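Every number in this text was worked out from the coordinates using simple rules, so none of it is lab data. In this text, all values refer to a predicted model and were calculated from it rather than measured experimentally. Counting neighbours? That spans all protein chains shown, and the Cβs are built from the backbone with ideal geometry, glycine included.
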Amino acid sequence: MNNKIKLAVAGAVLSAASVANAGIIIPAGDWTIDINGNVNAFANWTSSDKAKGATFLGGLASGEDGTGEGSQVGINTGLLPSWLGFTGTTRQNDVDVSFTISFQPNASDNAAAGDAKTPLNRQAFVTFGDKSWGSVKLGKDLGIFAGQAILNDMTLLGVGAGANTSGGSTTLGGIGTGYIYPAWKGQITYTTPNMNGFTATIGITNPNQGQFGDGYATVAAGVGNDADTVATELYQDRFGIEGQLQYEWTGDVAGKVWASGATYDVTAGAAPGSAGAAGLVTTTSANDDSYTASVYDIGVKLSTGNLGLVAYYYNGEGVGTTLMGNLGVYNGTTGKLKKRDSDGGYVQATYVIPTGTKLGLAYGVSNLDEASGETAAALVEKNDRWTVGAYHPLTKHLNLVAEYNKIESEGHAASQNMESDTFSLGAILFF
């Protein structure tokens, strides 16, 4: 595809099939229109152990449902939602110009009529540039930090974690069990020209309020906070900054290495209309509290013959786990926020057997530490995942997929533990 359903491209790369390099190409005067995307759906069977110990925030393994039933089923899209993208490209005045708009419909939902889910709208951006000086992007697209982590995750063709709820828009793949979700962000970014395999990207991103919560997830009651601290809200007064360095090479052992990072400034204050309380940051400027959330990662991908290897690691302060900013801080009794450290990563090996089927094995883990002064919180300490997958190219465009995922979540307090196992069968079609 010329430019660029990034996730679909990554899926094509991960696939053993020889997926077409473009979608449906339509010449239109000065423009070339590329209509492209994918359709996928999976049947998922999840078996969950009864949660041990008290409930805790941030665990990704599923427990028993409200009736005490540990077995759950559902038909969902996988980590990659079904996708319909439109990309237009042209060259004018020695400048390459492009736009991309995409829509992501759902495979199912839980409503009585089956049509209540709101489709996702993940891309709307324009790019312009030239191979001699690089390119600029303006609009909504995949975030820079951790983008390579998700693009090289083999569960992009499958399911991964988060398949226990029927009717979900997508599953989680390795999100929260190996990397933080890069999310879809309004951004203005610059990428250098390719310099013998080396590229760099730097950009400002929209300070998505939801990234650091409105107080109900990030500074939540029951996690070392007073009962009424849910009135605390987190605000951002500057753009986020994200960047990436990457070097890619070819040969008998081809591959790439990359490093990326992000930083966001966050200020806490009482929610509008809140009078404040013990342990609650009040609306007065003297009691407002600020912190900088920062994170970096490093990864490598290698391929030789039919063998592919990926290794990835991230480390951050105040960024939490699973989603950027989720559970990233602790509100101590003084009303001052204390950052929680987090890290994690994944390793992955794939091999294409003579039938063309790609077999894969992966392990991923995401860790979240308690903040200074925080003890035995009802908070996740670790989410980890084992994935075994088989991805078979039935045709040039269609892959059959079978996956097994084992998810385990452990809390900081004694004996907090949940486990779940999911088997998934389905197919993903690229066009």
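So for each of 355-366, 296-307, 171-182, 311-322 I average, over its residues, the number of other beta carbons within 10 Å; can you give me the resulting order with the highest mean first?
On the way: 355-366: 19.6, 296-307: 15.9, 171-182: 27.7, 311-322: 23.2.
For the peptides 355-366, 296-307, 171-182, 311-322, the packing ranking is 171-182, 311-322, 355-366, 296-307.
Too long at a 22 Å Cα-Cα cut-off: which of 50/406; 338/382; 185/382; 358/396; 137/301?
Those over the limit are 185/382; 137/301.
Under 5 Å between amide hydrogens, which residues at least 5 positions from residue 108 or on another chain qualify, with H placed 1.01 Å from N in the peptide plane?
77
What residues have an amide H closer than 5 Å to that of residue 176, excluding those fewer than 5 places away on the same chain, when H is modeled at 1.01 Å from N in the peptide plane?
181, 322
Just to verify a number: FRET efficiency for residue 28 and residue 414, C-beta to C-beta distance, R0 = 60 Å, to 0.05?
Numbers: r = 64 Å, r/R0 = 1.07.
Between residue 28 and residue 414 the formula returns 0.40.
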